[in-house]
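Data first, discussion second: the structure below is written as structure tokens.
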Amino acid sequence: MTTAVYELGHLDALEAESVHVFREVAAEFERPVLLFSGGKDSIVMLHLAEKAFWPARIPFPVMHVDTGHNFPEVLEYRDRRVAEMGVQLVIASVQESIDSGRVREQRGPRASRNPLQTVTLLDAIEKYGFDAAFGGARRDEEKARAKERVFSFRDEFGQWDPKNQRPELWSLYNGRHARGEHIRVFPLSNWTELDIWQYIGRERIPLPSIYFAHRRTLVARDGMLLWPCAHLPLLDGEQTLEATVRYRTVGDVTCTGAVESTASTVEDIVAEVAATRLTERGATRADDRASEAAMEDRKREGYF
Amino acid sequence: MEMLRFATAGSVDDGKSTLIGRLLYDTKSIFTDQLEAVERTSAQRGDEYTNLALLTDGLRAEREQGITIDVAYRYFATPRRKFIVADTPGHIQYTRNMVTGASTANAALILVDARKGLLEQSRRHAFLASLLRVPHLVLCVNKMDLVDYDQGVFDAIAAEFRNFASKLDIGDLTVIPMSALAGDNVVSRSVNMPWYEGTSLLHHLEELHIASDRNLIDVRFPVQYVIRPYSGSHLDYRGYAGQVAGGVLKPGDDVVVLPSGLPSRIHSIETKDGPVAEAFPPMSVTVRLEDEIDISRGDMICRPHNQPSVSQDVEAMVCWMHDDPMRPGGKYAIKHTTRSARALVKELRYRLDVNTLHRDEEAATLGLNEIGRLRLRVTAPLFTDPYRVNRTTGSFILVDEATNATVGAGMIL
């Protein structure tokens, strides 16, 4: 008789947990949607959703909250991936929210559409009647997120109430909600940045090219390396520089910074992530620098 | 690399945040920008030292009040294991948070201050860990530097705790003398306590044998979702998706499906990456059977001669989690594995004092953070095992049908 070893590695255990969450939502909700930014976390999320329902197609659409300020490589990736998988893509456009007067564009050189996304997102959830929205947020990203549930209840205003969250025990998720309310679901809650990269490597998941080292013209602003383009004009006295960089996160081009790196393969990135001394949001996101509780405040209003 | 989840219980005074900070710092899991933010905030508040609690107490209300309110999850890894820490508050008014953190934990760390010895809350934490069947318990006798690393002090606390723990159902207990602040026995063995022959805390957590914590004997597969692609090459495909809750499933195994009791055999166990020869907890897989029988979400696949209890009557220990108290006669939604139904509280048999373990049989209600033994009548049969045999098929939650709040957490007897 052989003695089998019934051990599951950490990536397999995380995958099993995420797949369980996807299936739970598909079984209990009427209109779920997967929020897809083209960033690595939402790419991993989509990959896990595909596994959860195979050989059937993913039984819900994918939604991109589009600020209009995209990296072209990311849009190209989004359209290709969605076509391959045969899932429906819904685009919620911040530009349309601006044009219809739902939100007002910020002015000034440091204007960002990042906060406007919340209104566009909530309007789309209401318009399409989505009752569950999968997000790729991880608890290791940020301290407010460290306290959030896998099933995170939102009231009819889309608000998160951190002091009044439902206890979440075992793997029993409470998705009950009234009409007009919804649940944000975070299948990657227990993944870290390193887990994500290790998994991308193991599963050979393709990514937009900007995640890997490349030469780029950039401008140094507020301690970050930003990409000057039509949406991010240079300020007086600013000069561009050339550098070999990669992106650790992908968001709106006006607030997503690049990091200097020569990592050109997933293996290089895993090694770099394991050795890095800065969090990914701290290194690359201007939107989190507003205050100590910037993320908590935005999440209260209905942000991702 | 295996993953280990542990819960920590204790208050700031016990050095819990310092201990977690030390584990994160020494495993290089705290980032420079996080540390700088904490140092900045500490300085602004006038703290005398860098308050590592600010790393985990992320909510505005927590920072304002200087307390941990909710469970914070932290992550770190060593070359041997990935760790998930559920950092839970220690005060009695947050019992529900500790219960939540302990529900998924492989191990629980209880901190005591060597100068103070066991307190009421240390006993409460040990009781909650045993109630939630956390398989491994570690008593961290902290602040040994403040008692001159005295073996006598440590031995007395360890003996008192072992004596108390023997009355509880605790599988595996380890007691470690340490100083989180000075780093003694946290990551590496201390030179200050040559009399201590055990390992450091981190080494202990890395070596802890957790494979046997799961139930690998009793096959339990709650059907979560039925996969029917209705397309091209998979026109007749019908697979039962779910997460294995117990036992080891193999193709060719004879099974029965509850509640119908219909027999079949496992045709194959599938994933997108290909078929698997064996499925065990906590794998998420898709099971295909040889016979076409009517199966839906909430059904359970098990072995013919090893079935769970099938009953509408449930006896359980319940931790109440809401301001509105539980009253006998109350009706709640119940969620057990993948099955949802309604439950009526027939009787509160007793309320347990979590500090003294005294049973109050006269109690009429269960308030927030209180624990009691209930008898429930459920609208549909549940397929259950005692919680001590299987934490997945032995647990449930109660939900208020009007507010949709999760109000109770139950462990089946």
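Looking at the stretch A:1-117 from every direction and averaging, what is the projected area of its Cα convex hull in nm²? Provide the component values of the computation, followed by the final result.
On the way: hull surface 44.2 nm².
One quarter of the hull surface, i.e. the mean projection, equals 11.0 nm².
Take each uninterrupted DSSP H stretch in chain A, measure its Cα extent along the helix axis, and return the ones at 24 Å or beyond whose mean Kyte-Doolittle hydropathy is at least 0.0.
Long hydrophobic helices here: A:10-28.
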- prompt: GNM, chain A, Cα, under 10 Å: largest mean-square fluctuation among A:Thr279, A:Thr67, A:Thr120?
  reply: A:Thr279
- prompt: When the C-alpha atoms of the protein assembly as shown are aligned to their principal axes, what extent does each axis show, in angstrom, from largest down?
  reply: 75, 70, 54
task: Identify which of B:Arg327, B:Arg123, B:Arg96 has the largest mean-square fluctuation in a Gaussian network model of chain B, with springs joining Cα atoms closer than 10 Å.
output: B:Arg327
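Distance check, please: which entries in A:Lys40/A:Lys299; A:Lys143/B:Lys116; B:Lys116/B:Lys167; B:Lys82/B:Lys143; B:Lys16/B:Lys167 exceed 30 angstrom between their Cα atoms? Kindly include the intermediate steps, with their values, before the conclusion.
On the way: A:Lys40/A:Lys299 21 Å; A:Lys143/B:Lys116 32 Å; B:Lys116/B:Lys167 22 Å; B:Lys82/B:Lys143 27 Å; B:Lys16/B:Lys167 26 Å.
Table pairs above 30 Å Cα-Cα are A:Lys143/B:Lys116.
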field: Scattering profile of the stretch A:48-93 at q = 0.20 Å⁻¹ [log10 I(q)/I(0), Debye over alpha-carbon scatterers]
entry: -0.70
field: Value in Å of the Kirkwood radius, where the stretch B:105-161 supplies the Cα pairs that are averaged
entry: 11.7 Å
message: I'd like the orientation of helix B:32-45 relative to chain B: the angle between its Cα long axis and the longest Cα principal axis, in ° from 0 to 90, rounded to 10.
response: 60 degrees
- request: Can you tell me how much longer the chain between B:Ser309 and B:Glu278 gets when fully stretched, taken as 0.36 nm per residue apart minus their C-alpha distance, in nm with one decimal?
  value: 8.7 nm
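Tell me what chain A gives for mean residue ellipticity at 222 nm when only DSSP H runs of n ≥ 4 count, each as -39,500 (n - 2.57), the sum divided by the residue total, rounded to 500 deg cm²/dmol. Please list the in-between numbers first.
Details: 9 runs with 98 residues, N = 304.
It lands at -9500 deg cm²/dmol.
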query: Could you name the aspartates and glutamates in cross-link range of A:Lys51, using Cα to Cα under 15 Å and dropping any fewer than eight places away on the same chain?
result: A:Asp12, A:Glu15, A:Glu17, A:Glu24, A:Glu84, A:Glu203, B:Glu270, B:Asp273
query: Any idea what angle helix B:120-131 forms with the longest principal axis of chain B, computed on alpha-carbon atoms, 0 to 90 degrees, nearest 10?
result: 20 degrees
Residue order, fewest to most beta carbons within 10 Å, for B:Asp47, B:Asp113, B:Asp273: B:Asp273, B:Asp47, B:Asp113
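So for the stretch B:295-396, Kirkwood radius off the Cα pairs, Stokes-Einstein at 4 °C and 1.567 mPa s: how many µm² s⁻¹?
Details: Rh = 14.6 Å.
Answer, rounded: 89 µm²/s.
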field: Percentage relative contact order, the stretch B:267-354, counting C-alpha pairs under 8 Å, at least six apart
entry: 19 percent
- prompt: Which of B:His358, A:His64, B:His305 comes first, and how do the rest follow, when ranked by fewest Cβ neighbours within 10 Å?
  reply: B:His305, B:His358, A:His64
- request: Pick out, in residue order, every one of the chymotrypsin sites (Phe, Trp or Tyr not before Pro) in the stretch A:129-172 that is DSSP loop and has at most 15 other C-beta atoms within 10 Å; say none if there are none.
  value: A:Phe157
query: For the stretch B:266-338, what value does the Rg/Rh ratio take when both radii are computed over Cα atoms and Rh is the Kirkwood radius, given to two decimals?
result: 1.09
³J(HN,Hα) computed for each position of the stretch B:375-386 - Karplus, 6.51 cos²θ - 1.76 cosθ + 1.60, integer Hz, glycine/proline x: 10, 10, 10, 10, 5, 9, x, 9, 9, 10, 10, x
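Nearest 5 is fine: what % of DSSP beta bridges in chain A come out antiparallel, could you say? Present the calculation step by step, with values, prior to reporting the outcome.
Working: 20 of 33 bridges.
Roughly 60 percent of the beta bridges in chain A run antiparallel, per DSSP.
Arrange B:Glu370, A:Glu242 by Cβ neighbour counts within 10 Å, fewest through most, would you? Please report the intermediate quantities before stating the final value.
Details: B:Glu370 21, A:Glu242 9.
In increasing order of surrounding Cβ atoms, one gets A:Glu242, B:Glu370.
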field: Those lysines that a straight Cα-Cα span of less than 27 Å connects to B:Lys331, excepting residues fewer than 8 apart in one chain
entry: A:Lys163, B:Lys346
Distance histogram in 5 Å bins (all Cα pairs of the stretch A:102-147, percent per bin): 5, 16, 16, 17, 20, 18, 7, 1
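How would the stretch B:62-153 be classified by its alpha-carbon gyration tensor: rounded, prolate or oblate, with rounded meaning a/c under 1.5 and the a/b versus b/c comparison settling the rest? If you can, show how the numbers build up before the last one.
On the way: a/c = 1.44, a/b = 1.24, b/c = 1.16.
Here the stretch B:62-153 falls in the rounded category.
Give me the net charge of B:Arg81's neighbourhood, meaning all other residues with Cβ under 12 Å from the Cβ of B:Arg81; Lys, Arg count +1, Asp, Glu -1.
Values: positive: B:Arg5, B:Arg80, B:Lys82; negative: A:Glu7, B:Glu2, B:Glu206, B:Glu207.
In short, -1.
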query: Given DSSP loops and a limit of at most 15 other Cβ atoms within 10 Å, what is the longest stretch of chain B that contains no such chymotrypsin sites (Phe, Trp or Tyr not before Pro)?
result: B:231-413
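Given only helices, namely DSSP H runs of n ≥ 4 each adding -39500 (n - 2.57), what is the per-residue ellipticity at 222 nm of chain B, to the nearest 500 deg cm²/dmol? It would help to have the intermediate numbers written out before the result.
Working: 8 runs with 78 residues, N = 413.
Taking each H run of at least 4 residues, the total per residue is -5500 deg cm²/dmol.
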statement: Here the averaged projected area of the stretch A:238-279, based on the convex hull of its alpha-carbon atoms and given in nm², is 3.8 nm²
task: Could you tell me how many degrees, from 0 to 90 and to the nearest 10, lie between the Cα long axis of helix B:151-165 and the main elongation axis, the longest principal axis, of the Cα atoms of chain B?
output: 30 degrees
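Rule-based calculations on the coordinates, nothing more; no lab input. Treat the numbers as computed from the prediction; the structure is a model and nothing was measured. FYI the Cβ positions are ideal-geometry reconstructions off the backbone, even for glycines, and counts take in every protein chain you see.
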